[in-house]
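Everything on this sheet refers to the single structure shown next.
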Amino acid sequence: MIATGYTLTATTRLSFARAVERAREELKAEGFGVLCEIDVRATLAEKLGVEREPYVILGACNPPLAHRALEVEPDIGALLPCNVVVYVDEDETRVSAIDAERMLSIVGREELAPVAAEVRAKLARVVERVAAA
């Protein structure tokens, strides 16, 4: 897994469709529900006539962790849900999740650090398990 400036990313041998399915399963195993799913490929084709590789955004939420964060900082909802993306790039299927520690650090509230660390750890496990499948 590679940690960029704002994501946790890995490549998987799974097909795109299976990686999306597996990401949903692993998110559920970590206590996340998928609140929304955006098919970026279909949206860009429909709205702009643009063709691109498959790309799906899964908007994931772990209610207990979201609640804890909202108790500290009500405006944190502007940064929710946590996005996990599955996409094809140069014939490779990739899975990427937001690095919650990086994302929540912009808020400037030290009380969010434990929540951010827990979310990051859970999403890292999701990415790692999808990549290892």
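The values are calculated or read from the model by the stated rules, or taken from the named source; none is laboratory data. What you see is a predicted model; the values in this text were computed from it and never measured. Cβ coordinates were reconstructed from backbone atoms using ideal geometry, including for glycine residues, and neighbour counts include every protein chain displayed.
Couple of notes before you dig in:
- The one condition in (1) under 27 Å from ALA132 (Cα atoms); (2) at pLDDT 95 or above that GLY49 fails to fulfil: (1)
- For region 8-31, a residue qualifies if it is more than 20 Å from ALA116 (Cα to Cα), charged (D, E, K, R) and part of a helix (DSSP H, G or I), and the qualifying residues are ARG18, GLU21, ARG22, ARG24, GLU25.
- In region 58-86, residue nearest to LEU27 (Cα to Cα) [restricted to those that are among the aliphatic types (A, V, I, L, M), in contact (Cβ under 8 Å) with a residue 24 or more places away in the chain and surrounded by fewer than 18 Cβ atoms within 10 Å (Cβ to Cβ)]: LEU79
- Restricting region 91-113 to residues that are in a helix (DSSP H, G or I) and in contact (Cβ under 8 Å) with a residue 12 or more places away in the chain, the residue that is farthest from ARG13 (Cα to Cα): GLU111
- Of residues in region 100-130 being in contact with a Lys or Arg (Cβ under 6 Å, 6 or more places away or on another chain) and either under 28 Å from ALA42 (Cβ atoms) or basic (Lys, Arg) (or both), the one surrounded by the most Cβ atoms within 10 Å (Cβ to Cβ): VAL130
- Taken over region 54-69, the criterion of being in a helix (DSSP H, G or I), aliphatic (A, V, I, L, M) and in contact with a helix residue (DSSP H, G or I) (Cβ under 6 Å, 6 or more places away or on another chain) is satisfied by LEU65, ALA69.
- Among residues of region 114-133, those that are assigned to a helix (DSSP H, G or I) and either modelled with pLDDT under 95 or among the acidic types (Asp, Glu) (or both), counted: 2
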